[in-house]
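Student: Can you keep this structure in mind? I'll have questions shortly.
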Amino acid sequence: MPTWLKRGKDVEARLEADRQVRATVETMLADIEKRGDEAVRELSRKFDKWDRTDFRLSQSEIEACKAELSEQDLADIEFAQAQVRNFAEKQKATMLDLEVETLPGVILGHKHVPISAVGCYVPGGKYPLLASAHMSVITAKVAGCERVITCAPPFGGRPAPAIVAAQAMAGADEIYVLGGIQAIGAMAIGTESIDPVDMLVGPGNAFVAEAKRQLYGRVGIDLFAGPTETLVIADETVDGEICATDLLGQAEHGPTSPAILLTNSEKLARDTMAEIERLLEILPTGEVAQQAWQDFGEVIVCEDYDEMLAEADRIASEHVQVMTDRDMWFRDNMRNYGALFLGPRTNVAYGDKVIGTNHTLPTMKAARYTGGLWVGKFMKTCTWQTVTSDEASAMIGEYGSRLAMLEGFVGHAEQANVRVRRYGGRNVPYGTAAGPRTEAVK
C-alpha cells in the first residue's frame, strides 16, 4: 500500500479553481465572437498591457527581433529546430498510405491529408518559451500544413525577440503578438484582421487550456495541455540531489505545476525532500517553484516496483523521469504517460528544449487516452474505397441490402439494391431486402 510522505492540494480545491476558470473563459470567448478585434484589443490591454493597430508583426519587425540575438543564440535555435524537424520527418515516414484488395474487385485504402490552417500558441508571459515554436510550427510544416500562424504574448512590454526569431526560423506564415484567451479566441473564431484556423495547438496556462477545451469541435485541438506536470520514478541507484533537481526544474514552470516523487526507498524520499528545501534557498526561480511544491508536490513511497508501476499509471503524468535499476522495464510496461525520460543521463529539460521529441504533451490525466503532439496530429487519416467489378458490386450489395433492412433503413437498402439489379442481373423488388444467392458467398 503506497505511503504519502507529502500530499498536494485536495481535489475539491482544484475543482473549484477549475470552475472559476471555466466561467471566465466562457464570458471572454463570447465577447470575442461578438465584437472581434475590439474585444481582442481590450483583453490585450487589460491582461498584457499591450496595444497596437495591428497585432501581426511586419517582416521588418521580425528581422529587427532576429538582429537582437547573437550568432550563438541563432545557432542554438537552429540546432534545436534541426533536431525537432529530423524527428518529425522520421515520424512522418512511418505514416504510409494504404491500398489493399480485401475481396476480389473490392479495393480499400487510406491517405494522410494535412490540415489546411493551424494556429500555434507559444506561451511567453513569464518566460519566453521559444521551444514551443519549434514543437508546433516545424511539426505542422513537416506534416504539410499550408497556413501556420502563431500567437505569443509580449514579454516585458514588447515582442520577445527569441520567440519571434524562433517562430520565423521555424517557418510561421503569420506572427501575432497576442497572449492568453484573446489569442486562442482570435485564432479559432477569427476577427476582422485574423482569419480563423482549422486547428489549435500549443501549451499554456489554465485559461489557455480551458479556452481550447471550450472551442474544441469548432476547431480541432492537439490535446488538453494545462500546467506542466512531472513524475520522478526513482530507486536508490540515484540520490536525493538529482531527484530534487528534476522535480524543481519542472515546478518552476508555474505555481500550479504538480511535481511528484515515486520511490520504493523511504531514505531516498526523505533525502529528496531535504534537498528540495536546500535548493529552494538558492534557486533563482525558487519563489514559483516553492509555491508549486507546497501546493502540488507529492512524495509517495511504494513497497516494490510493481506498486510503483501501478501508481505511475494511476497518476498518468505528462513527463515521467525514470531512474531505477530497470528503466526499460518501466518503458515496456507503463501505459499512461506523456513522454518517458529513461535513465539519469537524460531529463525532462532535454525534451523540453532540444533533444527532438515534442514537448507538447497531455496533462490532467489525458495521458490515459492520448499521446503528445506529433506530426500525425496535423494530418487526417482519410479512407477511400472503390469497387472494380460487376460481380463484386452485386455481392457487396446483397449483404448491404439485407443489413440495411435489418436496421430499418430502406433508402440505404435501395442504394445497394440498384447495384444488385444493374450489376448482378437480379430482380429485387423496391423496398425489400435482397435475398441470398443460391451459391455460397465467401
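The values are calculated or read from the model by the stated rules, or taken from the named source; none is laboratory data. Keep in mind it's a predicted model, so treat the numbers as computed, not measured. All Cβ positions, glycine included, derive from the backbone under ideal geometry; neighbour counts span all protein chains shown. Quick note on the areas: whole protein, heavy atoms, side chains included, nothing else; ligands and nucleic acids left out. Shrake-Rupley method; radii C 1.70, N 1.55, O 1.52, S 1.80 Å.
Student: Mind listing which chymotrypsin sites (Phe, Trp or Tyr not before Pro) in the range 319-425 are in a DSSP loop and have 16 or fewer other Cβ atoms within 10 Å?
Tutor: Hits after loop and neighbour filter: Tyr369, Phe409.
Student: Just the C-alpha atoms of the range 61-104: what Rg/Rh do they give, with Rh taken as the Kirkwood radius?
Tutor: Rg/Rh: 1.43.
Student: Heads up, I need the accessible area for Glu26: 1.4 angstrom probe, whole protein in place, Å², nearest 10.
Tutor: About 120 Å², rounded to the nearest 10.
Student: Continuing with the same structure: Give a quick list of GluC sites (Glu not before Pro) in the range 191-243 that DSSP marks as loop, anything other than H, G, I, E or B, with at most 14 other Cβ atoms within 10 Å.
Tutor: Sparse-neighbourhood loop GluC sites (Glu not before Pro): Glu192, Glu236.
Student: Which of these, Glu174, Glu298, Glu398, has the largest mean-square fluctuation under a Gaussian network model of the chain (Cα springs below 10 Å)?
Tutor: Sorting by GNM fluctuation, first place goes to Glu398.
Student: Taking Cα centroids, how far is the range 140-187 from the range 48-68 in Å?
Tutor: Between the Cα centres of the range 140-187 and the range 48-68 lies a distance of 11 Å.
Student: Taking only protein heavy atoms into account and a 1.4 Å probe, give the accessible area per residue of the chain in Å². Provide the component values of the computation, followed by the final result.
Tutor: Working: 21170 Å² over 442 residues.
On a per-residue basis, 48 Å².
Student: What trypsin sites (Lys or Arg not before Pro) in the range 114-158 are in a loop by DSSP, with at most 14 other Cβ atoms within 10 Å of the Cβ?
Tutor: Lys126
Student: Check Tyr127: other-chain or 5+ apart residues with amide H under 5 Å from its amide H, H built from backbone geometry?
Tutor: none
Student: Using the Cα centre as the reference, give the magnitude of the dipole from point charges on the C-beta atoms of the range 327-442 (Lys, Arg: +1; Asp, Glu: -1; all else neutral), rounded to the nearest 20 debye.
Tutor: 260
Student: Considering the convex hull of the alpha carbon atoms of the range 239-324, report its projected area averaged over all viewing directions, in nm², one decimal.
Tutor: Details: hull surface 20.1 nm².
Taking the Cα atoms of the range 239-324, their convex hull projects to 5.0 nm² on average.
Student: Follow-up. So how far apart, in nm, are the two label points at Gln20 and Ser116 if each is 7 Å from Cα heading toward Cβ?
Tutor: Label at Gln20, label at Ser116, 4.1 nm between them.
Student: Heavy-atom accessible area of Leu178 with all protein chains present, probe 1.4 Å, nearest 10 Å²?
Tutor: Leu178 exposes around 0 Å² with every protein chain in place.
Student: Also, I was wondering about something else. Hey, what's the Cα Rg ratio for the range 300-349 versus the globular rule of thumb, 2.2 N^0.38 Å?
Tutor: It is 1.05.
Student: What is the percent of Cα-Cα separations in the range 18-156 that go past 26 Å?
Tutor: Considering the range 18-156, 45 percent of its Cα-Cα pairs are separated by more than 26 Å.
Student: Please enumerate, by chain and number, the aspartates and glutamates with C-alpha under 18 Å from the C-alpha of Lys66, excluding those fewer than 8 residues away in the same chain.
Tutor: Output for Lys66: Asp76, Glu78, Asp173, Glu174.
Student: In whole Å, how far is the Cα centre of the range 279-318 from that of the range 89-114?
Tutor: Measuring centre to centre over Cα atoms gives 43 Å.
Student: Determine the share of the range 76-190's accessible area contributed by carbon and sulfur atoms, expressed in whole percent, with a 1.4 angstrom probe. Please report the intermediate quantities before stating the final value.
Tutor: Numbers: 2320 of 4070 Å².
Exposed carbon and sulfur together represent 57 percent of the surface.
Student: Let me ask something else about it. Given +1 on the Cβ of Lys and Arg, -1 on the Cβ of Asp and Glu, and no further charges, what dipole in debye does the chain carry about its Cα centre, rounded to the nearest 20?
Tutor: Details: 46 positive and 64 negative charges, 351 e Å.
The calculation lands at about 1680 debye.
Student: What is the Cα coordinate range of the range 327-442 on the first, second and third principal axes, sorted by size from largest, in whole angstrom?
Tutor: That works out to 72, 26, 24 Å along the principal axes.
Student: Given charges of +1 on the Cβ of Lys and Arg and -1 on the Cβ of Asp and Glu, with all other atoms neutral, how large is the dipole of the range 72-164 about its Cα centre, in debye to the nearest 20?
Tutor: It comes to approximately 340 debye.
Student: Between Rg and the Kirkwood Rh of the range 99-230, both from Cα atoms, what is the Rg to Rh ratio?
Tutor: 1.09
Student: Here is a further query. How much accessible area does Asp271 have with a 1.4 Å probe, in Å² rounded to the nearest 10?
Tutor: 60
Student: Considering the options Thr381, Tyr337, Leu406, tell which one lies farthest towards the positive end of the dipole of the range 328-442, charges being +1 on Lys and Arg and -1 on Asp and Glu at the Cβ, about the Cα centre.
Tutor: Value computed over the given set: Tyr337.
Student: For the chain, modelled as a GNM with alpha-carbon contacts under 10 angstrom, which of Arg421, Arg326, Arg158 fluctuates the most?
Tutor: Greatest mean-square fluctuation among the candidates belongs to Arg421.
Student: Further, regarding this structure: In whole Å, what are the extents of the chain along the principal axes defined by its C-alpha atoms, from largest to smallest?
Tutor: Its Cα atoms span 87, 61, 44 Å along the three principal axes.
Student: Okay, next question. Over the Cα atoms, compute the radius of gyration (one decimal) and Dmax (the largest Cα-Cα distance, rounded to a whole number) for the range 278-376, in Å.
Tutor: When restricted to the Cα atoms of the range 278-376, Rg and Dmax are 14.6, 43 Å.
Student: Can you tell me the FRET efficiency between Asp295 and Thr432 if r is taken as the Cβ-Cβ distance and R0 is 51 Å, rounded to the nearest 0.05?
Tutor: 0.15
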